[in-house]
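As structure tokens, the structure follows; a few thoughts come after it.
The values are calculated or read from the model by the stated rules, or taken from the named source; none is laboratory data. Just so it is clear, the model here is predicted, and its values are computed rather than measured. Ideal geometry is used to build each Cβ from the backbone, glycine not excepted, and the neighbour counts take in all protein chains shown. For accessibility, only protein heavy atoms count, side chains too; no ligands or nucleic acids. Shrake-Rupley method; radii C 1.70, N 1.55, O 1.52, S 1.80 Å.
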Amino acid sequence: MGKNGDFIIEEIQEKLHKIGKTDPATSWLHPDGSGEIMSGKFCDTCKAELYSDPGVNDLELYLHAFKYESSTDKGWGYETELPYWAIEQQTKMMDLALEQANKCVPMDNAFCVGCVITHNGKVISTGYTRELEGNTHAEQNALAKYFDAHPGEELPTGCELYTTMEPCSFRLSGNMPCLNRILDLKKHFTTVYVGVMEPGDFVQNNVSYDQLTSNGVSYLKVPGFQEKSMEVAKRGHKKPDVEVSAETERNDKQ
Ligand SMILES: [Zn+2]
């Protein structure tokens, strides 16, 4: 569009019609980027016209739309969910984490969480809440089980951690939060994938997103797991019937 948002629709249509055919896509960031156009060559087999290689603007379109963030002021940012075609592996691994969460013995004052640690696309450890003795957490157990099974070894670099609920950043028990356990091993983790954010039922203001991302570990929510993860997490919790009984009480007094 031109100055003041003025435009002539025919001109825009004509311009868009040429993009990716005779004219490559351009942007303010890469105004001269050579991009994908029809090459004038044809496929030997199906005779379809072939495109030239994509350029920087074609390749950046998705990333650009995925996340907007101020480079100077971290106070604002916007991120879309990952598209379904980009998360086949993540969906598979989060399903496994959910299977782990389902093994938890439910308790009314804690969440049921499952965790899977992967390296090069393979599962190298799993854990769930209270799997190991005591008031233990899923991520804590997955890490402990890895080190038990590989005495004297470090975690490989480039690991990914899947957890059905984001790592805790504060524990009422005074035990070390899972966030700190992951941060201690931050050189070994590229990404933490979560199914659902921690609700404020027991502890408010989970800071795992800020802490992980500012320490070089990516934090991504895998789309499609919010409800499933929360449902498993709250198994054994009493249904919130407070309002109902308060209402009943009021009615009784009338
Ligand atoms: Zn935890």
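How much solvent-accessible surface does HIS119 expose, in Å² to the nearest 10, with a 1.4 Å probe and all protein chains in place?
40 Å²
Compute, for the chain, the length of the dipole vector about the Cα centre, with Cβ point charges of +1 (Lys, Arg) and -1 (Asp, Glu) only. Units Debye, rounded to 20. All intermediate terms of the calculation are to be shown ahead of the outcome.
Values: 25 positive and 39 negative charges, 113 e Å.
Dipole magnitude for the chain comes out near 540 debye.
Sorted by accessible area with a 1.4 angstrom probe, largest first, how do SER125, SER173, SER34 fall?
Details: SER125 10, SER173 65, SER34 90 Å².
From most accessible down to least: SER34, SER173, SER125.
Shape call for the range 8-68 from the C-alpha gyration tensor, a ≥ b ≥ c root eigenvalues: rounded (a/c under 1.5), prolate (a/b greater than b/c) or oblate?
On the way: a/c = 2.30, a/b = 1.38, b/c = 1.66.
Oblate, because a/c is 1.5 or more while a/b does not exceed b/c.
Solvent-accessible area per residue for the range 86-233 at a 1.4 Å probe radius, Å²?
47 Å²
Relative contact order, percent, of the range 86-233 when contacts are C-alpha pairs under 8 Å separated by at least 6 residues? Please list the in-between numbers first.
Numbers: 291 pairs, mean separation 32.8, N = 148.
Here the relative contact order equals 22 percent.
Separation of the range 122-158 and the range 5-47 by C-alpha centroid, Å?
Computed from Cα coordinates, the inter-centre distance equals 51 Å.
Helix-only estimate, please: 222 nm mean residue ellipticity of the chain, summing -39500 (n - 2.57) across DSSP H runs of length 4 or more and dividing by its residues, to the nearest 500. Write down the numbers at each step before the final one.
Values: 8 runs with 81 residues, N = 254.
Helices in the chain give a 222 nm mean residue ellipticity of -9500 deg cm²/dmol.
Give me the dipole magnitude in Debye, nearest 20, for the range 62-155 about the Cα centre, with unit charges on the beta carbon: positive for Lys and Arg, negative for Asp and Glu. Intermediate values should be presented prior to the final figure.
Working: 7 positive and 14 negative charges, 24 e Å.
For this selection, approximately 120 debye.
Take the solvent-accessible surface of the protein heavy atoms, probe 1.4 Å, and return the percent of it on the range 79-203 that carbon and sulfur atoms account for.
Here it works out to 52 percent.
Can you tell me which lysines have their Cα less than 19 Å from the Cα of LYS21? Leave out same-chain residues fewer than eight positions away.
Candidates past the 8-residue exclusion: LYS41, LYS47.
For the chain, with the dipole built from +1 on Lys and Arg beta-carbon atoms and -1 on Asp and Glu ones, taken about the Cα centre, which of GLY216, LEU98, GLY55 lies farthest toward the positive end?
The residue sitting most towards the positive pole is LEU98.
Compare VAL56, VAL232, VAL196 in a GNM of the chain, Cα atoms joined below 10 Å, and give the one with the largest fluctuation.
It is VAL56.
Let me know the longest stretch in the chain that avoids all GluC sites (Glu not before Pro) found in a DSSP loop with at most 15 other C-beta atoms within 10 Å. Can you show the working numbers first?
On the way: sites that count: GLU81, GLU133, GLU153, GLU154.
The answer is 155-254.
Suppose each label sits 7 Å from its Cα in the direction of the beta carbon; what would the LYS67-GLU153 distance come out to in nanometres?
With each label point 7 Å from Cα toward Cβ, the separation is 3.0 nm.
For the chain, what number results from the quotient of the Cα radius of gyration and 2.2 N^0.38 Å? If you can, show how the numbers build up before the last one.
Working: Rg = 24.8 Å, N = 254, 2.2 N^0.38 = 18.0 Å.
Cα-based Rg divided by the globular estimate yields 1.37.
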